[in-house]
Every structure is written in structure tokens, then in C-alpha cells.
Amino acid sequence: MWVQALKRLMVGSPIPTTLAKHERLGRVTGLAVFASDALSSVAYATEAILLVLVLAGSAALHLSVPIALGIAVLVAIVVTSYRQAILAYPQGGGAYVVTRENLGRYPSLVAGAALLIDYVLTVAVSAAAGIAAITSAVPRLYPYRVGLCMLGVALIAVANLRGVRESGRLFAVPTYLFTGAYVAMIAWGSVRWLTGEGPTAAVAPGNGTPVPGGEELTLFLALRAFASGCAALTGIEAVSDGVPAFRTPEARNARAVLAMLGVILIVLFLGITFLGNAFGLLPTEGETLNSQLARRVFGDGVLYYLVQAVTTLILVMAANTSFADFPRLAFFLSRDRFLPRQLSNRGDRLAYSNGILILALLSVVLLVGFQGDTHALIPLYAVGVFLSFTLKQASMVRYWLQRGGPGWLSGAAVQGVGAAATGTVMLVLAATKFTHGAWIVIALIPCLIGLFLAIHRHYEDVALQLSIEGVEPEPPPASPIVLVLIGDVHRGVLPALRYARALSPAARALYVEIDAEHTRRLEDRWGKWGNGLPLVVLRSPYRSVVGPFLEYLDHLQRQAPDRLITIILPEFVPARWWQHLLHNQTALLIKGALLFRKGVIVTNVPYHLKT
């Protein structure tokens with residue numbers, strides 16, 4: 001069919017399970033798959049700090065570098081924490097798994113819910129930010145921003161449906177181009193600063209005067225700036241959840257990738273913050289801080305536009321990390337019966353296709369609801385991920401305290417400091433962004449937990465009812481009542497009549513009368529083609545087929561409550577899919593009406609038509 005041909009064109013040919021190990025990631029492609037979210041934060045984390053500090057005027061801007069150093073230390077602590085978790089949980093050491101093993105069910109569900117929400121927000125924010133960069137350069141595209149965001153999400157989803165290794169190849173070049181371009185910008189900018197090109201004080205753009213402050217520099221303002229800059233930590237979680245995606249030895253490769261990611265993130269973040277402060281750059285409407293820095297370092301030439309291009313690419317590609325990690329987290333939750341079991345199934349290309357499609361759909365809904373507005377989406381962002389950081393590091397504290405052994409004290413200390421720091425950031429983020437939309441995330445987490453528990457109760461109830469423990473063997477059931485529901489006498493009905501006769505000599509045919517004249521013609525032909533089955537005609541004064549049939553079925557079940565009833569539905573199948581639209585779907589209505597009725601078995605006997 002053309003649908004299968006289109007699927008093969010977009011997704012590729014199926015990959016057998018025996019080749020699963022060959023589809024895993026090495027360190028180079030693994031960094032490309034899991035680093036884009038974290039690296040993309042370099043594009044806005046420094047600016048987020050300055051946007052808060054500038055409220056207190058020029059005198060406060062010098063704090064950007066100490067704040068960035070503090071965030072860099074926190075990045076190092078979180079990376080160290082997650083490297084320890086990967087070693088302790090080589091099958092996948094994400095916040096949900098580690099918290100479940102150490103703090104129990106409910107804290108782990110909080111971590112899982114927070115991360116699922118954050119992954120959806122990451123896709124929406126990344127797509128909106130990337131498209132915003134494009135529409136800034138080409139304003140005529142602005143009215144089409146929502147459609148462009150949806151297109152970007154769809155393209156990344158398709159790339160991930162093709163498999164983890166192939167998506168890694170697709171995204172490796174942009175990731176390393178971004179890293180190389182920013183390293184070059186920081187290196188050349190440092191050279192220019194060392195030669196004396198940096199101003200000594202921050203000035204307002206365009207007029208050379210100091211920036212006045214509207215607020216007093218307080219500890220809370222500094223904490224707000226620190227918390228805003230901690231957006232640089234988003235995405236670190238992904239590697240620990242994706243350990244099974246790496247080649248053997250999985251844990252060692254994942255730890256190496258996480259270490260590389262931490263080093264690159266710290267270097268780029270500190271470099272941009274330092275140079276931004278050294279050159280006296282300030283956030284301005286219409287141009288990002290990174291754009292100002294690239295223009296200052298490279299001028300308006302090709303290198304400036306290269307930096308802008310790779311920045312746009314990495315912002316859009318940040319969504320790829322969520323597409324790599326959301327399906328894996330959904331797999332863990334599904335395996336533990338907190339999400340539908342379909343999310344634990346692998347697709348043709350060995351990717352968790354259902355999770356990828358659900359993430360794409362939820363992200364598109366969010367983008368449409370917020371009209372692709374980055375500023376409206378960002379306040380919802382990062383609260384969930386810092387909640388999961390805190391829970392995971394608290395879990396690792398308990399892990400070290402229970403496990404003991406060499407290095408337990410230093411391990412617990414690192415995790416404890418990290419949990420305290422990320423917990424503080426989470427509280428500051430929740431407090432400062434609550435009225436700007438963070439309340440939505442805070443309210444969604446308990447709703448998701450309620451959904452998890454409801455799904456889990458259903459699966460537990462199903463398992464209990466299906467269990468064969470304590471079941472006593474029952475005597476063979478009585479012969480079933482066999483009914484063939486017909487609408488006419490034609491070739492498509494004859495196989496069903498023969499099948500009914502083979503099941504039971506006492507089978508009978510049912511016909512619901514809509515038109516008396518048609519009934520007479522049918523009865524005339526029944527003697528020759530009815531295969532010896534008695535014909536029962538049910539009157540329907542209101543021209544309904546389903547109603548009289550169900551009434552007759554109720555009557556039979558009252559007469560023989562212990563006997564099974566088999567309903568045989570003859571159904572002719574057109575040769576083309578669109579030809580189904582030209583015929584009524586009575587059989588489908590009957591099957592729907594009988595779906596939840598006990599003691600009734602429905603059997604279709606298809607008759608395939610030619611072209």
C-alpha cells in the first residue's frame with residue numbers, strides 16, 4: 001500500500017531485533033544526541049542572569065561572573081552526581097529509577113512527572129526559540145511562526161523515528177559546528193580583550209551612559225539571577241536516562257559523554273559570561289547578548305552569520321534531547337505499570353516510536369496553545385528539571401548512607417551539597433515565576449501522579465482478575481447458540497452460513513426487517529440458499545437494526561444464562577480502501593454494541609471482492 005511505501009521512505013526499512021546492539025551510540029554520536037539541550041542553554045543562560053541584574057543598574061552587573069562561577073560549580077556537582085548514579089545504576093540511572101530505588105514510589109512518581117513535563121516544555125521552547133531566531137532575520141515569516149514550529153517538531157520527530165544511531169548522525173554535524181564556532185568566538189574574543197579592547201564599565205547601548213537601576217541590589221535579587229542562570233543545567237539528566245542507548249560498556253561510555261558535556265558546557269558558559277562582562281554588553285530588545293558578542297568579536301562578516309546560524313540550529317535541535325529521553329523515561333514508567341504498556345514497545349527502527357509520537361503531539365498542542373511565543377513558554381520551564389535534580393541527589397545521599405563502603409562519605413557529601421543547591425534554585429524559580437506560569441507546572445505534577453496511580457491500579461486489578469492462582473477446573477460448557485446476522489442473500493453471506501452450520505447444527509439466521517418488500521424477496525431465495533438454517537425475522541418499526549437485535553439477544557440470554565452465544569457477521573471487503581466509504585458500516589455498529597456484553601462471542605467471516 002502507498003501508506004507503507006511512504007512510511008518506508010520517511011522512516012526507513014525495519015531493523016531486526018538481532019541488530020539492536022549495532023544501533024547503539026558511540027561517544028561521538030552519543031554526545032551529539034544527548035548534548036544539544038544542555039549546550040543550547042549557552043545561548044540564553046548568561047542573558048538570563050543579566051536581565052535580572054540590570055534591574056539594579058550598572059553597579060550590579062559585575063556580579064554576573066561570580067554568579068556564573070557558582071553555576072559552573074553547581075554544573076560540576078550535578079555532573080559528578082549523575083556520573084555516580086550511572087555507575088550505581090548502569091541499566092539507566094535517571095531521576096525516576098534512582099528515586100524509586102531509594103526513596104520509594106511516590107517521590108519517584110514526582111520525579112517522573114516533573115521530567116515528562118519538562119521534556120515537553122523543552123521541545124516547545126526549543127522550537128519556538130529557534131523559529132524566533134529565523135523570524136527575527138526574516139520578519140515576513142512571523143505570521144507563520146506556529147506552522148514553522150510545528151514543521152520543526154515534525155522533522156525532528158521523523159529523524160528520531162528513523163532510530164537512535166541515525167538521528168545521532170543527522171545531528172552530529174550541527175552540534176560540533178556549534179561547539180567549534182563558540183570555542184573560536186571565545187578564544188578570539190579573549191585575545192581581543194587581552195589586547196585592550198574591552199571597556200571598563202557597563203554602559204547603556206548606544207549612548208555610553210551607565211545603566212540606572214530601578215531596584216535595590218538585594219540577596220533575593222542575586223538569588224533570582226543565580227536561579228535564572230541555572231537554566232544552563234537543563235539537559236544534563238538526559239545522559240543518565242539514556243545509558244542503555246550506548247555501546248558496550250554502556251556505563252563507561254555514558255559517564256565519558258557526561259564528563260565531556262560538563263566540560264564543554266562550563267567552558268562555553270563561563271567564556272560567554274566573562275566576555276560579556278569584559279566588553280560591557282547588556283541585554284537589549286531585538287538582539288540577543290550572544291549576537292552582540294559575536295558581532296563584537298567577528299564584526300558583521302561571514303563568521304558572525306555562521307555563529308548565528310549554528311545558534312539557531314542548536315536551539316531547534318535542543319528538542320532532540322527530549323525526543324531521545326522522553327520515550328526512555330516513558331518506557332521505565334510503562335514497565336512499572338504507571339503508563340500504558342504500548343509505550344514500552346519498540347518500533348520498526350528499534351526506537352520507542354509511541355513515545356516519540358506522543359511527545360511530538362503534546363509539544364504541538366503546547367505551541368498552538370501559546371502561539372509559539374517563547375516568552376510565554378519560558379516561565380513554565382526548568383522548575384520540573386530542578387525538582388528532579390533535587391530528588392535524585394537526595395536519593396543518592398540515601399544510597400551512599402545505606403551502601404557504605406570506600407568513598408561513601410565524600411559521595412554522600414557531594415550529593416548532599418548538590419541537593420541543597422538545586423533545591424534552593426527550585427524554590428527560587430517556583431517563587432519568582434509562580435505568577436508568570438510556573439503554577440501550571442506545579443499544578444500539573446499532582447495531576448500526572450494521579451493519572452499514574454489510576455493506570456497502575458487498573459493494571460494491578462487486571463493482573464489479579466487474570467491470575468490462575470486458586471482457579472478450579474470447570475466442566476466443559478454447553479454447546480453455544482450460533483446466530484448469523486444477515487442483511488441479504490448474496491455470495492458474501494454463503495461462507496458465513498456454511499461456517500455456522502459447521503459450528504452447530506442448531507444454528508439459525510437473523511434478519512432485521514426494515515422494508516417488508518425486501519423481506520419477501522429474501523424469504524423467496526432463502527429456501528434455495530439458506531443452507532438448511534432456519535430464518536428468524538425481527539420486525540423493526542423504527543428502522544433500527546441494532547435495537548431489535550439486542551432485544552432478541554437479551555431474550556436468549558434470559559432463557560439460557562449459562563450458554564455462550566456466538567454471533568457470526570458476514571462482511572464483504574472492498575478491494576480499495578476508499579470503497580469502504582461507499583457502504584454502510586452495520587457490522588461495525590454491531591461489534592461496537594456487543595463489545596462489553598458478557599457471554600457473547602463475535603466472529604467475522606469476510607468475503608473479499610475483486611477490483
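The values are calculated or read from the model by the stated rules, or taken from the named source; none is laboratory data. Since we're looking at a predicted model, the values are computed, not measured. All Cβ positions, even for glycine, are placed from backbone atoms using ideal geometry, and neighbour counts span all protein chains on display. In case anyone asks, the SASA skips ligands and DNA or RNA and just uses the protein heavy atoms, side chains included. Shrake-Rupley method; radii C 1.70, N 1.55, O 1.52, S 1.80 Å.
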May I ask you to verify whether Ala68 is of a type outside the set (Asp, Glu), open to solvent by less than 30 Å² (accessible area, probe 1.4 Å) and touching a Leu at 6+ places or on another chain (Cβ under 7 Å)?
yes
Filtering the stretch 483-515 for residues that are assigned to a helix (DSSP H, G or I) and open to solvent by 50 Å² or more (accessible area, probe 1.4 Å) leaves a count of 5
Please specify each residue of the stretch 592-611 satisfying the condition of being aliphatic (A, V, I, L, M) and more than 24 Å from Ser479 (Cα to Cα).
Leu609
Consider the stretch 452-475. How many of its residues are hydroxyl-bearing (Ser, Thr, Tyr) and either within 25 Å of the chain's Cα centre (by Cα) or open to solvent by 100 Å² or more (accessible area, probe 1.4 Å) (or both)?
1
Here are some residues: Arg295, Arg337. Which one is modelled with pLDDT of 85 or more, out of contact with any Ser or Thr (no Cβ under 8 Å at 6 or more places or on another chain) and assigned to a helix (DSSP H, G or I)?
Arg295
Kindly indicate whether Ile272 is open to solvent by 10 Å² or more (accessible area, probe 1.4 Å), part of a helix (DSSP H, G or I) and not polar (S, T, N, Q).
no
Within the stretch 63-70, does at least one residue satisfy the condition of being under 30 Å from Thr312 (Cβ atoms), part of a helix (DSSP H, G or I) and within 28 Å of the chain's Cα centre (by Cα)?
no
Looking only at the stretch 223-236, decide whether some residue is among the polar types (S, T, N, Q) and open to solvent by 20 Å² or more (accessible area, probe 1.4 Å).
yes
Filter result for the condition that a residue is touching a helix residue (DSSP H, G or I) at 6+ places or on another chain (Cβ under 9 Å), surrounded by fewer than 21 Cβ atoms within 10 Å (Cβ to Cβ), farther than 22 Å from Leu148 by Cα and not hydrophobic (A, V, I, L, M, F, W, C), over Asp325, Asp336, Asp300:
Asp336
Apart from one, (1) modelled with pLDDT under 85; (2) crowded, with 24+ Cβ neighbours inside 10 Å all hold for Pro90; the odd one out is (2)
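Every residue, every condition in (1) touching a residue at least 60 places away in the same chain (Cβ under 8 Å); (2) outside any helix (DSSP H, G or I); (3) surrounded by fewer than 22 Cβ atoms within 10 Å (Cβ to Cβ), yes or no:
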position	(1), (2), (3)
Val73	no, no, yes
Ala76	yes, no, yes
Val79	yes, no, no
Tyr82	yes, no, no
Ile86	yes, no, no
Tyr96	yes, no, no
Ile117	yes, no, no
Ser126	yes, no, no
Ala132	yes, no, yes
Taking the condition over 16 Å from Thr321 (Cβ atoms), without any contact (Cβ under 8 Å) to a residue 24 or more places away in the chain and assigned to a helix (DSSP H, G or I), does Val52 pass?
no
Is it the case that some residue within the stretch 349-362 is farther than 26 Å from Arg145 by Cα, at pLDDT 85 or above and either of a type outside the set (Gly, Ala, Ser) or over 17 Å from the mean Cα position of the chain (by Cα) (or both)?
yes
Do you know which of the residues in the stretch 555-590 that are modelled with pLDDT under 90 and basic (Lys, Arg) is nearest to Gly487 (Cα to Cα)?
Arg576
Against the conditions (1) surrounded by fewer than 16 Cβ atoms within 10 Å (Cβ to Cβ); (2) among the hydrophobic types (A, V, I, L, M, F, W, C); (3) in contact with a helix residue (DSSP H, G or I) (Cβ under 8 Å, 6 or more places away or on another chain), where does Ala443 fall short? Just the number, please.
(3)
Do you know which of the residues in the stretch 389-409 that are open to solvent by less than 70 Å² (accessible area, probe 1.4 Å) and free of Cβ contacts under 8 Å to residues at least 24 places away in the same chain is nearest to Val73 (Cα to Cα)?
Val397
Collect the residues in the stretch 281-293 that are over 16 Å from Ile67 (Cβ atoms) and open to solvent by less than 10 Å² (accessible area, probe 1.4 Å), keeping them in residue-number order.
Asn290, Ser291, Leu293
